[in-house]
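Data first, discussion second: the structure below is written as structure tokens.
The values are calculated or read from the model by the stated rules, or taken from the named source; none is laboratory data. Since the structure is predicted, the reported quantities are computational estimates derived from the model, not experimental observations. We place every Cβ from the backbone using ideal geometry, glycine too, and count neighbours over all the protein chains shown. Just the protein is used for accessible areas: all its heavy atoms, side chains included, with ligands, DNA and RNA removed. Shrake-Rupley method; radii C 1.70, N 1.55, O 1.52, S 1.80 Å.
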Amino acid sequence: MKRAANWASRYSHAWVLLYFFLYLPWFGWLESRDPSHCTIVQLRLDDYIPFCEYFVVPYLLWFFYMAGGIAYLLLTQPRERFYRFAAVLFGGMTVCLVLYTFFHTGLDLRPAIDPDKNIFTWMVSQVWAVDTSTNVCPSIHCFATLTLQAGLKRAGLDRRRPAVYAACGVLSVLIVLSTVLLKQHSVLDVVCAFLLASVMHRMIYRSGPVYIPRTRLRLNRG
């Protein structure tokens, strides 16, 4: 019992993960809206990008990568550094949700596929069945991937475990590519995700004190 209490005290900053109780129902509501009323934001460049069902693997690995990466930073990083990472990640995800709420974006890129062709096309059909081609700009998939990769670098993973960090980098690239090769996102969505990540990092890492409920943390740069 005492060990559990000590663990809870040591990792009390895990409370920020309660954010997902806000994010999940909000995103679920956005996905339930009528897709016929969305604004198509794709580019002509997207028409030249081929569809590749094999990229469904890194696309789905994103969920495990994010869960594992967040857990790693929670368990290994000082409280202040984790709060700063969470501020970038959850702040940017909230910006996306607000944009989706007031600017309902969508795509018309998905080709006709045969789910029985192979296991990968079947997996894509399942993803498409639950994930609409709306609420796309910026891409949360890409934004969160970039933010986690930056968080791992700031945590010193590139110095302590260079091979692991390099593998995470390769996976991050494959995840970003998967969003356009599966026709889940436009190139524009990816570009906007990069811009959002850059803005959020500048705001959080170059600002003064970061405020959280009932706590004030003065964070150093770097």
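The residues of segment 46-128 present an accessible area of 49 Å² per residue when probed at 1.4 Å with all protein chains retained. Full extension of the segment from residue 203 to residue 173, taken as 0.36 nm per residue of separation minus the current Cα-Cα distance, would add 8.4 nm. Determine how large the accessible area of residue 125 is when every protein chain is in place; take a 1.4 Å probe and give Å² rounded to the nearest 10. Residue 125 exposes around 20 Å² with every protein chain in place. For segment 85-140 versus segment 141-167, the inter-centroid distance based on Cα atoms is 23 Å. The loop-placed trypsin sites (Lys or Arg not before Pro) in segment 11-87, going by DSSP, that have at most 16 neighbouring Cβ atoms within 10 Å of their Cβ come out as 33.
Between 34, 189, 108, the Gaussian network model of the chain with springs among Cα atoms under 10 angstrom shows the greatest mean-square fluctuation at 34.
Of the DSSP H helices in the chain, those that are both long (alpha-carbon extent of 15 Å or more along the helix axis) and hydrophobic (Kyte-Doolittle mean at least -1.0) are 20-31, 56-76, 79-102, 119-130, 140-154, 162-181, 187-205. Amide H to amide H, with H built 1.01 Å from N, residue 104 comes under 5 Å of 39, counting only residues 5 or more places away or on other chains.
For segment 88-188, the share of accessible area belonging to carbon and sulfur comes to 68 percent (1.4 Å probe, ligands and nucleic acids excluded). When the helices of the chain are scored as -39500 (n - 2.57) per DSSP H run of n ≥ 4 and the total is divided over every residue, the value at 222 nm lands at -20000 deg cm²/dmol.
Cβ-Cβ distance of residue 127 and residue 163, R₀ of 22 Å, FRET efficiency by 1/(1 + (r/R0)^6): the value works out to about 0.15.
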